[in-house]
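J.: Could you have a look at this structure, given as structure tokens, before my questions?
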Amino acid sequence: MIQPTYKVELLENIVVATISGDWNMQADIAYLTRLDEVISTIRNESWALVADLRGWRVSDDVINFKHNKTIQLARNNQQVECWLVDNPEQGNHIQHHIENAGVPLYKCTCEQNVSAHLRQYGFILHKE
């Protein structure tokens, strides 16, 4: 079992989240709390979200936990969301949240594709 880890940072007007490891409910709640805190600092401007999900594994217990179906982040002014994934099915259990908010979602397995997709929406990702 690999310890769950997450990092959420704001790079200009792009929220960058990195999550990995064997996900559990404690990590999920702590991550969502931190994500909402960071988003709240930019919510009044146009913003994007990039999530690096490589190495993130989620058990059926976490996938089927009721909050995964009900929790909604306020996505005011979010223009696009890009996920860097290990495979195209990764994250399918939470994808409906972004789709229900009407935010365009793009999944890929290559960092360069994330940057190219963000540029289409006017966002430039400057990694630190």
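J.: Compute the long axis of helix 25-40 from its Cα atoms, compare it with the longest principal axis of the Cα atoms of the chain, and write down the angle in degrees, 0 to 90, nearest 10.
T.: Roughly 20 degrees between the two axes.
J.: Helix-derived [θ] at 222 nm for the chain: sum -39500 (n - 2.57) over DSSP H runs of at least 4, divide by residue count, nearest 500?
T.: Dividing the helical sum by the residues of the chain leaves -8500 deg cm²/dmol.
J.: Over all distinct Cα pairs, what is the inverse of the mean 1/r for region 44-107, reported as the Kirkwood hydrodynamic radius in Å?
T.: 12.7 Å is the Kirkwood radius here.
J.: Could you rank Thr33, Thr41 by how accessible they are, 1.4 Å probe, largest area first?
T.: Ranked list, largest accessible area first: Thr41, Thr33.
J.: Note down the relative contact order for the chain as a percent, whole number, built from C-alpha pairs under 8 angstrom at least six residues apart.
T.: 23
J.: Here is a follow-up. Full extension from Ser115 to Asn13: what is 0.36 nm times the residue separation minus their Cα-Cα distance, to one decimal in nm?
T.: Full-extension gain reported as 35.3 nm.
J.: Give the dimensionless ratio obtained when the Cα radius of gyration of region 1-59 is divided by 2.2 N^0.38 Å.
T.: Against the compact-globule rule of thumb, the ratio is 1.16.
J.: Using alpha carbons only, how many degrees (0 to 90, rounded to 10) separate the axis of helix 111-120 from the longest principal axis of the chain?
T.: Value to nearest ten degrees: 50.
J.: When all protein chains stay in place, what accessible area (Å², nearest 10, 1.4 Å probe) is found for Val62?
T.: Ignoring ligands and nucleic acids, Val62 comes out at about 10 Å².
J.: Would you kindly calculate the translational diffusion coefficient of the chain, applying Stokes-Einstein with the Kirkwood radius from alpha carbon pairs, for 20 °C and a viscosity of 1.002 mPa s, and quote it in µm² s⁻¹ without decimals?
T.: 144
The values are calculated or read from the model by the stated rules, or taken from the named source; none is laboratory data. Just so it is clear, the model here is predicted, and its values are computed rather than measured. Remember, those area values only see protein heavy atoms, side chains included, never the ligands or the DNA or RNA. Shrake-Rupley method; radii C 1.70, N 1.55, O 1.52, S 1.80 Å.
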